[in-house]
Amino acid sequence: MATSRLVEVYLDLLSQPCRAVHILLTCTKIPHRVHSVALRKGEHRTAEFTKLNPMQKVPVMVDNGFVLTESDAILKYLVTKYNVPEHWYPWLPERRARVDEYTAWHHTNTRPHAAKVFMLEVLLPAQFGAQVDQDRLERALLELDATLDKLESMFLRRQPFLCGDDITVADLLAICELMQPLGSGRDILKDRPQLQHWRSRVQSALGESFDEAHAVLFAVRDRWRARL
Ligand SMILES: N[C@@H](CCC(=O)N[C@@H](CS)C(=O)NCC(=O)O)C(=O)O
């Protein structure tokens, strides 16, 4: 591992997958430099950023000239390349496969369902000054509920973290999505003690890196509350 160079990451910390990457980097102390890309200002659509990622999305990582997009791929690359505790992405094939099993599921379940609630309650009203569409929100909350049921009954069944006895990149991706609806003060885990205990375990495992990454989201929540 080269110690003199830094991993460069392009992030907006209001973005859930960006926070997951940021938390991993800070928690494991991988030397890195953050380039802020403000989505609300359209900085992901500049010619310079588009050259880096033609899909115009964050996060993006550049490691010694190697450009990588997709949080899932970035997290797994970082823990494989750098000398970080093995629990983040275990080497044992069966344990690693459990992490891959969750992360594959995540992108069509936890991510879209939690993100939609935030989009309907915070992003769209902020962008277009419109009222929250209550019918769409109700439907989104029902879909999210089905996902939360699965997290409890399948992934957290008889184990403290999503993929076993210790925290992995799967927990990182999941916690960042499940925090997102807090942008409007909505705690989607409030009636779910099993998931609340998991969230506390994840937060204690991550320490300050969790709070640092979520500061922007909490600022959005505070502004949202001040509007009411
Ligand atoms: N599957 C990608 C999703 C990346 C993504 O959707 N990023 C959003 C922010 S959360 C983005 O850059 N959106 C800008 C846009 O679509 O215009 C990942 O996990 O990295």
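Using a Förster distance of 41 Å, how high is the FRET efficiency between Ala215 and Leu92, based on the Cβ-Cβ distance and rounded to 0.05? That pair, Ala215 with Leu92, gives E of 0.70. Projected over all directions and averaged, the alpha-carbon convex hull of segment 91-214 occupies 8.0 nm².
Among the lysines of the chain, pairs that are 8 or more positions apart or on different chains and have alpha carbons within less than 26 Å of each other number 16. Computed extension gain for Gln56 through Asp222, at 0.36 nm per residue and net of the alpha carbon distance, reaches 56.9 nm. Counting only DSSP beta bridges whose two residues both lie in the chain, roughly 60 percent are antiparallel. Round to the nearest 0.05 the FRET efficiency obtained for Ala126 and Lys190 when R0 = 22 Å and r is the Cβ-Cβ distance. Efficiency for this residue pair is about 0.40. Computed from point charges on the beta carbon alone (+1 for Lys and Arg, -1 for Asp and Glu), the dipole magnitude for segment 132-207 about its Cα centre is near 200 Debye.
Seen from all directions on average, the chain presents a Cα convex hull projection of 12.9 nm².
The spacing between segment 156-184 and segment 79-134, judged by their C-alpha centroids, is 9 Å. Just checking the listed ones, Thr46, Thr26, Thr80: in the Gaussian network model of the chain with Cα springs under 10 Å, the one fluctuating most is Thr46.
The mean of 1/r over all pairs of different alpha-carbon atoms in segment 7-86, once inverted, gives a Kirkwood hydrodynamic radius of 12.6 Å. Exposure proxy ranking for His44, His87, based on other Cβ atoms within 10 angstrom of each Cβ and starting from the fewest, stands as His87, His44. Counting only DSSP H runs of at least 4 residues, each contributing -39500 (n - 2.57), and dividing by the residue count of the chain, the helix-based mean residue ellipticity at 222 nm comes to -16500 deg cm²/dmol.
DSSP bridge analysis restricted to segment 7-86 gives an antiparallel fraction near 60%, rounded to the nearest 5.
Each Lys and Arg adds +1 at its Cβ and each Asp and Glu adds -1 at its Cβ; summed about the Cα centre, segment 1-149 shows a dipole of about 600 debye. Each of Ser153, Ser71 has some number of other Cβ atoms within 10 Å of its Cβ, and from fewest to most they run Ser153, Ser71. Label separation (Asp135 vs Gln159): 4.2 nm, computed from points 7 Å beyond Cα along the C-beta direction.
Using the Cβ-Cβ distance between Lys81 and Ala104 with R0 set to 25 Å, the FRET efficiency works out to roughly 0.75. According to the calculation over all Cα-Cα pairs in segment 141-207, the P(r) per 10 Å bin from zero is 20, 60, 20, 0 %.
Bear in mind these aren't lab numbers, they're just calculated from the coordinates by the rules spelled out. Worth saying up front: this structure is predicted, and the values here are computed from it rather than measured. Neighbour counts are summed over all protein chains in view; Cβ atoms, including those assigned to glycine, are modelled from backbone coordinates with ideal geometry.
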